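Trainee: Structure incoming, see below.
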Amino acid sequence: WGMLPSYSSRIFQGTQKRYGVNGNSFICAVEFGRLGNHKIKAKALLAGGQSGDEESPHFFDQGKAYSKGLFRNVWFYKEDVLNHAERTYHPGE
């Protein structure tokens, strides 16, 4: 597991300072389960959103949950990922 730290800032109209607008701040708790039929479970928290595009619905969609300390489910197994996917993409489509 790895993550490259990233952070973006910009100057807003009427200001002279730069303000942070997005970047990765990620917290995750993982339950590995036990041997047998127990599935891995994980909960995560992302400070803002997943997108750097201000027009995207994912620009700040996790901000409210973050401010309340609410974690979201992390889908680990392919079946769960596909069942919860907003959309899928295959190169060449």
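Trainee: In the stretch 22-73, how many residues are surrounded by fewer than 14 Cβ atoms within 10 Å (Cβ to Cβ), over 10 Å from the mean Cα position of the chain (by Cα) and in a loop (DSSP other than H, G, I, E, B)?
Mentor: 16
Trainee: Taking only pairs six or more apart or across chains, which ones have beta-carbon atoms under 6 Å, a first residue in the stretch 62-84 that is at negative phi, and a second residue that is assigned to a helix (DSSP H, G or I)?
Mentor: Filtered contacts from the stretch 62-84: Trp75/Val81; Trp75/His84.
Trainee: Exactly one condition in (1) closer than 22 Å to Lys78 by Cα; (2) in contact with a strand residue (DSSP E or B) (Cβ under 9 Å, 6 or more places away or on another chain); (3) modelled with pLDDT under 80 is not met by Asn22; state its number.
Mentor: Of (1) closer than 22 Å to Lys78 by Cα; (2) in contact with a strand residue (DSSP E or B) (Cβ under 9 Å, 6 or more places away or on another chain); (3) modelled with pLDDT under 80, only one is false for Asn22: (1).
Trainee: Report, by residue number, each residue of the stretch 74-93 that is of a type in the set (S, T, N, Q) and assigned to a loop (DSSP other than H, G, I, E, B).
Mentor: Within the stretch 74-93, Thr88 is the sole residue that qualifies.
The values are calculated or read from the model by the stated rules, or taken from the named source; none is laboratory data. For clarity, every value in this text was computed on a predicted model and none was experimentally measured. Quick reminder, even Gly has a Cβ in these numbers, built from the backbone with ideal geometry, and neighbours come from all protein chains shown.
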